[in-house]
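Reading through the structure tokens given below for one structure.
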Amino acid sequence: MQRDLVLSAQVGDVDAYSTLTAGMTDRLFAAARLILGDSDQAADAVQDALLQAWLDLRSLRDPERFEAWMHRVLVRTCYAAARRNRKRTVVEIHMSQMVEPSQTDSQASIALHDQLNRAFTRLSTDHRTVLALVHYLGLTMTETASVIGVPLGTVQSRLSRATQLMRAALEADERRLAPVVEGVR
Amino acid sequence: MNSVDRFDVALKDWIVRAAPASAPPQLHQQAMLRIRSRRQHLSASAAVRAAVADSRLMGGLRFGPARVATVVALLLLAALLFMLAAGGRLPVRPSPTPTPAPLTVLVGGLPAAFTFSEPDAATLVRVLNTPEIQGFADAPAPASAVEYGEMQRASSHGVALGALGTPWVHHCESYPSDHMRVAPADFLDDLATASRATLDPIIPTTFDGHPALTTTIWAGANGCSPDVHVTHGPTRGSKYLLLSIPSRLTVFSVGGTTFVLDVWAQTDADLEAWLPAATAFTDSIRFVDASTQDFVAYLAGYGQELTLSPAPEGLLDWHPAVKDFPFPGAVVSAATYGTVTCFGPSLNCATRGLARPGASVPIWLVTFVDSPPAQGCPLWATVAATTGEFLNGSGPPCN
């Protein structure tokens, strides 16, 4: 089914392309949001990716690889958005919290959640990208290397480093918060 | 399960929960609206792809530092001798020291924004507005032309300003080369060495106050390369300038980007005749300050541009709108009147930036002096010229 839609889209069938991509937009947006940390930029990146993929679709030689190829296009547009954002901060654009904890979360879980939020926001785009691709999209290391366009060893070291940084940030937060908690007791 | 495993599981669990469950409403629909107005790119030939892949495997040609240094030294010596002899087929004069110019069109598509005085439409029209090449020619672009090289073939003469990404030129050898180097002297050196193009002596000059090098390639002197690709190798979407027609090339750097100014015509005689008028036009090009550059880059990202013009009478005062922006005590460096329009409706003009498709939005662009609180950020604000309202702006914190 997907193969037929890709083949139709490759000869200019916009409706086929729309059907093909409608079901993946939520996941693309979620991945972009994790990589960029901002909903507006993520929405722009997904739109750019959908447009770029449409323009370049005829270069895709294996229709079965459409989804992996789409991920690669998305990562490219996310990096472009991140570069644009480094160059300027426009006051109409605001960074927002990654996610709000639910009411049922315990206090400890809320604290952990906030710590992870802060730590994740402080990671570089390279590190957030690897975490999003591996842990959110569920790609293997090899697939991630192909999507990002770097050697497998680079992905492995980035993933390891990103995890280390998250852990270190959590530990630093805990050390910083500990005296306050003790004082309350 | 050890602590590392537990942390990995907790991290994965958090990432999955942190990701939004759904995209904003209409996101996919809006993307499809943009797509419906765009035609897919044609498939590049498999041969070119294979050739480029082969070149990556082979590593392409490489030149040792000694050879490069020798060639650069010889070029510099040749340039010095040429200047001492005051010879040369065509005189090269530095562009004048920057002076206030009549501002008309502010172009933000390239990595460094610039203004130019609109030429007489009978002489020169802008035929291409892309982030890689701003192209002008004596005739409107034919409908079939997508790349500037195709527009050059369909016109008598013109001017192009190209921003170098990872440029590439055809080699005399049978396989593609690595990218060219981008420093002005290196770029010209690679052009001559790789394609065996015969360049006129390379003359140091200036362009808009920036150090520059200039040379001319006459008809038939282009060696093995019909063109030079300014963006990347000869794969899909690569932007190129023809070398197979007479061209006066001026290469210089602004804000970390190397630019190639190409004044061209179809014959040697045409180029000699065209150069004086072309130079009058290119002398009107002025690169803008960092704040204005930042603003036009922001606009260009959403397919919009600012055209500057004298402010009409009776506009509201812009000062109150930027009081205490971007921070108390910020000092205004300039306020410029202009009109924002959408030139690329497919680039989110409908929802982003200042001008919706078909609309003209008159604004004041206010820029500020880079004082300590600015922390090196580009500082600007926009004010609606008709209502005096603050529209948007940029300032610290600067990423």
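Below, the figures for the structure above:
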{"read-out": "The range B:277-337 versus the range B:222-259: alpha-carbon centroid distance in Å", "value": "30"}
{"read-out": "Per-peptide average of other Cβ atoms within 10 Å, ordering B:139-145, A:155-161, B:302-308 highest first", "value": "B:302-308, A:155-161, B:139-145"}
{"read-out": "Label zone at B:D289, where the point sits 7 Å out along the Cα-to-Cβ direction: the range B:346-387 residues whose backbone N lies under 18 Å", "value": "B:364-383"}
{"read-out": "Charge dipole magnitude, Cβ of K and R +1, D and E -1 - the range B:281-399, Cα centre, debye nearest 20", "value": "280"}
{"read-out": "Averaged over A:41-53, number of beta-carbon atoms from partner chains that fall within 10 Å", "value": "5"}
{"read-out": "Residue-averaged beta-carbon neighbours from other chains (10 angstrom radius) around A:23-34", "value": "4"}
{"read-out": "Local net charge near A:L5, Cβ-Cβ under 10 Å (Lys/Arg +1, Asp/Glu -1)", "value": "-2"}
{"read-out": "Environment charge at A:T77 (Cβ cut-off 9 Å; Lys +1, Arg +1, Asp -1, Glu -1)", "value": "-1"}
{"read-out": "Charged-residue dipole, Cβ positions (Lys, Arg, Asp, Glu), the range B:132-283 about Cα centre, Debye nearest 20", "value": "220"}
{"read-out": "Peptide-level mean, for B:391-397, of C-beta atoms on other protein chains within 10 Å", "value": "3"}
{"read-out": "Net charge, B:P362 excluded, C-beta distance under 15 Å - Lys, Arg +1, Asp, Glu -1", "value": "-3"}
{"read-out": "Summed buried accessible surface, chains A and B, 1.4 Å probe, nearest 100 Å²", "value": "4700"}
{"read-out": "Alpha-carbon centroids, the range A:6-56 and the range B:346-392: separation in whole Å", "value": "29"}
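The values are calculated or read from the model by the stated rules, or taken from the named source; none is laboratory data. These figures come from a predicted structure and were not determined experimentally. Every residue, glycine as well, gets a Cβ built from its backbone with ideal geometry; the counts of neighbours run over all protein chains shown. Just the protein is used for accessible areas: all its heavy atoms, side chains included, with ligands, DNA and RNA removed. Shrake-Rupley method; radii C 1.70, N 1.55, O 1.52, S 1.80 Å.
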